[in-house]
1. Amide H neighbours of MET164 under 5 Å, counting only residues 5+ apart in sequence or on other chains, H built in-plane at 1.01 Å?
2. Which order, highest average first, do 206-214, 359-367 follow once you tally other Cβ atoms within 10 Å for each residue and take the mean per peptide?
3. I'd like the distance between the alpha-carbon centres of region 300-344 and region 46-69, rounded to an integer number of Å.
4. For region 63-79, just list the computed ³J(HN,Hα) in residue order, Karplus coefficients 6.51, -1.76 and 1.60, θ = phi - 60°, integers in Hz, with x standing in for Gly and Pro.
5. Hey, can you grab everything whose amide H is under 5 Å from the amide H of VAL308? Only 5+ residues off in sequence or another chain; H modelled, so Pro and N-termini drop out.
6. Between VAL391 and ARG120, what FRET efficiency comes out of the Förster formula 1/(1 + (r/R0)^6) with R0 = 35 Å and r the beta carbon distance, rounded to 0.05?
7. Of PHE291, ASN360, VAL370, which is farthest on the positive side of the dipole of region 280-372, counting Cα position, with +1 on Lys and Arg Cβ, -1 on Asp and Glu Cβ, and the Cα centre as origin?
8. Hey, which aspartates and glutamates would be in cross-link range of LYS104, C-alpha to C-alpha under 12 Å, not counting anything within fewer than 8 residues on its own chain?
Amino acid sequence: MAVRGRHRRYQPNRINRASLTVTAGGAGMALPFVGTGAAHAADVATWDKVAACESTNDWNINTGNGYYGGLQFSQSTWEAYGGTAYAGRADLATKDQQIAVAEKVLDGQGPGAWPVCSQRAGLTRGGESPDIRPAGTTTRTPKSTAADVQPQTTPQSRAGTAEMYTVVRGDTLSTIADERDVRGGWQRLYAGNRRTIGADPDLILPGQRLNLRAKATGTTTAPAPSTTRQTPKAPPKAAPKSPPKTSAPADDGGGDQRGDSRVAPVSGPLGTAYRATGSSWSKGYHTGVDFPAPTGATVKAVGAGRVVDAGWGGSFGYQVVIRHSDGRYSQYAHLSAISVKAGQSVGAGQRIGRVGSTGNSTGPHLHFEVRTGPGFGSDVDPLAYLRAGGVRI
């Protein structure tokens, strides 16, 4: 039987996070302090592995993307869990101090605060207490103490057959190629890792392993990054204006009826319907429609458009919001991973994330909304919108 998860009513001061799985902005919400204990702990070796995934084990990293230190704390999370008792930002604190704060985050949020890297590192609430000394030290812990973690290498590279790099938040192929002196630049790096990256060189994800010295496996020319793509030329003549509509209802959800191609956002059955009433929702009714699906299932853009938000959405967890050419906005919430970033153009059917259960959710599912504006409260019927574009649900 499929798990029919749904999100609960938004309650302030219950949601926070330490990091995000892709390049995205957004601030966590404050949480009360929660004491740590052995039942909610993880040893230093496990935290080293999380840091290897999040920041390539650079405990002093500050790339300017809004996340700091080896475990990539947002500033609000660092402050909410008492990090300022050690330093103003996580990257200014020692490794032991960052782990001490991370233990509180783990206790309050669980390993889902690091959605991808916790799974890779085996981070759970039931580990051993870390052997750390956060108080009374001002010297940063050198990376060499984590001798058992080698985030930039694999067994093959240690044998001299490859040199690997783990993608972290904020990376692009261009920056990696420049910093690692990759011969042939980002084009060579992409050509040698096309099977890992996929068809779009702009979409690299934290945790991906790239071979810095791989040779191209084919002769296919890599497309240029979005920063060099040419803007499509405007048509020579303006299209005639459509006659004004006189009787379209305000909340029909159909949008501009110009035959725009649309697809279903996820493969799965319908769950909670649009406008289902109840005290579970802050507006008094369900503002979207739910699609129960397993964690990690692909979430697709229902139509072409531009991403206006990709990050933490409070009670909606990790979310993506897209503005379409008809002026409507589509929202995809409770994601476990995000594959796009704000400002990026996407096509109908393009993967933008993966199903999860982040935020106020009782089980893995996709919460899908269609809105007349980018924010909460302007919802229209999402199924009517999909059906107007030819989707049969």
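The values are calculated or read from the model by the stated rules, or taken from the named source; none is laboratory data. Keep in mind it's a predicted model, so treat the numbers as computed, not measured. Note: ideal-geometry Cβ built from the backbone for every residue, glycine included; neighbour counts use all protein chains shown. Accessible surface is based on the protein model in full, side chains and every heavy atom, while ligands, DNA and RNA are left aside. Shrake-Rupley method; radii C 1.70, N 1.55, O 1.52, S 1.80 Å.
1. THR154, LEU212
2. Packing proxy ranking, top to bottom: 359-367, 206-214.
3. 26
4. With coefficients 6.51, -1.76 and 1.60, one gets 8, x, 9, x, 10, 10, x, x, 9, 6, 7, 6, 4, 5, 5, 4, 5 Hz.
5. The list, which skips near neighbours in sequence, is VAL321, ILE322, ARG323, GLY343.
6. For R0 = 35 Å, the calculated efficiency reads 0.50.
7. Result: VAL370.
8. Partners found: GLU79.
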